[in-house]
1. Quick one: GLN30 ticks every box in (1) of a type outside the set (A, V, I, L, M); (2) at pLDDT 95 or above; (3) open to solvent by 20 Å² or more (accessible area, probe 1.4 Å) bar one, so which box is it?
2. What is the one condition in (1) modelled with pLDDT of 90 or more; (2) touching a helix residue (DSSP H, G or I) at 6+ places or on another chain (Cβ under 8 Å); (3) crowded, with 23+ Cβ neighbours inside 10 Å that PRO60 does not satisfy?
3. I need a count of the residues in the stretch 150-166 that are under 11 Å from THR36 (Cβ atoms) and surrounded by fewer than 22 Cβ atoms within 10 Å (Cβ to Cβ).
4. What number of residues within the stretch 63-85 satisfy the criterion of being surrounded by 23 or more Cβ atoms within 10 Å (Cβ to Cβ) and not in a helix (DSSP H, G or I)?
5. I'm told VAL52 meets every condition in (1) of a type in the set (Val, Ile, Thr); (2) surrounded by 20 or more Cβ atoms within 10 Å (Cβ to Cβ); (3) modelled with pLDDT of 90 or more except one. Can you identify the failing condition by its number?
6. Anything in the stretch 32-54 that is farther than 17 Å from TYR168 by Cα, under 12 Å from the mean Cα position of the chain (by Cα) and of a type in the set (Val, Ile, Thr)? List them, or say none.
Amino acid sequence: MRRFLLLSLLAPAVLATSPAGPATAERIPQITARPTVSVPADSRVAQVINRVRQRHGLRPLRVSQRMSVTARPWAKHLAGTPQRLAHDPGYWADINRSCRAPRSGAENVAYRYDSTTRKPLAMHRRSAVALVRMYLASPGHRANILNPDSTHLGTATVMRRTSRTQVYTTNVMRFARAGNCGKR
């Protein structure tokens with residue numbers, strides 16, 4: 001049985017780039033009862049998002065590690081409160097801290113339950129692709145993903161084992177239109 005929920009939020013403001021590449025030397029985290037950040041899932045989410053954007057004639061988004069790092073505490077919070085999905089009330093402040101003079105931003109949040117697998121990397125990647133499919137099925141989330149004004153993406157995926165055969169996954173995706181969302 002799979003359950004999921006999505007939330008989409010667009011900040012009041014108006015929203016060029018290099019594609020997100022595969023993570024180098026991916027470390028495959030063990031999925032335990034404690035919420036664990038999944039860098040392989042984050043990398044896969046960014047790859048799939050950029051592929052979708054390119055299919056729609058849009059430029060790929062630059063992956064902002066700073067935006068991803070600031071999204072992680074909220075993704076962990078959501079993973080610790082199953083089925084209680086909400087937007088981070090401080091997401092715009094996080095985007096402001098992560099990016100130089102952002103002109104706009106948006107946040108997508110989602111959760112889903114998955115069956116476990118004996119292949120951890122496949123589990124992380126499968127969840128990432130399923131999350132993007134869920135987002136694309138929702139008009140608000142789809143609009144955030146396909147916003148032609150967006151330039152940067154930060155994503156945080158957290159997984160937590162809820163039983164021997166089930167994993168609860170949360171994802172926070174942040175979009176920004178800014179000149180620079182890298183290191184400052």
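The values are calculated or read from the model by the stated rules, or taken from the named source; none is laboratory data. Everything numeric in this text was worked out from a predicted model, so none of it was measured. Glycine gets a Cβ as well: all are built from the backbone with ideal geometry, and neighbour counts include every protein chain shown. What goes into the accessible areas is simple: the full protein's heavy atoms, side chains included, and nothing from ligands, DNA or RNA. Shrake-Rupley method; radii C 1.70, N 1.55, O 1.52, S 1.80 Å.
1. If we test GLN30 against (1) of a type outside the set (A, V, I, L, M); (2) at pLDDT 95 or above; (3) open to solvent by 20 Å² or more (accessible area, probe 1.4 Å), just (2) comes out false.
2. Only one criterion in (1) modelled with pLDDT of 90 or more; (2) touching a helix residue (DSSP H, G or I) at 6+ places or on another chain (Cβ under 8 Å); (3) crowded, with 23+ Cβ neighbours inside 10 Å is unmet by PRO60, namely (3).
3. Within the stretch 150-166, the subset under 11 Å from THR36 (Cβ atoms) is 157-161.
If we keep only those that are surrounded by fewer than 22 Cβ atoms within 10 Å (Cβ to Cβ) as well, we get 160-161.
Qualifying residue count for the region: 2.
4. Total satisfying the criteria: 2.
5. The failed condition is (2).
6. VAL48, ILE49
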